[in-house]
Amino acid sequence: MSEMIDWKDWNGGSCPVPPETEIQFQVKGESKEEASWWPYVRAGDCRWDHRRIMYSDLIAYRVHPDSALSQANSTTTNSQEQKP
């Protein structure tokens, strides 16, 4: 099994990761332990802004380990392709 990624606090705004990234998220009023029981979902399917609604505002997220690895590989590949 892949190593777990740390939670990142979120204060609202635009989606901080590519929309196809698999994430778990914590909503206001929920513990990180409770949030970790939910399945991973596509970041693009989440509402990232804040409306100050209990159990609605996303206050923390973490990227699925395989998604993080895939993003890192993609970034490395893209930067290597751009070199002269």
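Here, each number is a calculation from the coordinates, and none is a lab measurement. Not measured: the values here are computed from a predicted model.
If each residue of separation counts as 0.36 nm, what is the full-extension length gain between residue 9 and residue 33 once their alpha-carbon separation is subtracted?
7.2 nm
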**Message:** Can you list residues from other chains, or at least 5 along the same chain, whose modelled amide H is less than 5 Å from the amide H of residue 27?
**Reply:** 59
**Asked** Which whole-Hz ³J(HN,Hα) couplings does the range 49-61 yield from phi under the Karplus relation 6.51 cos²θ - 1.76 cosθ + 1.60, θ = phi - 60°, glycine and proline marked x?
**Response** 6, 10, 10, 6, 10, 4, 6, 10, 6, 6, 10, 7, 8
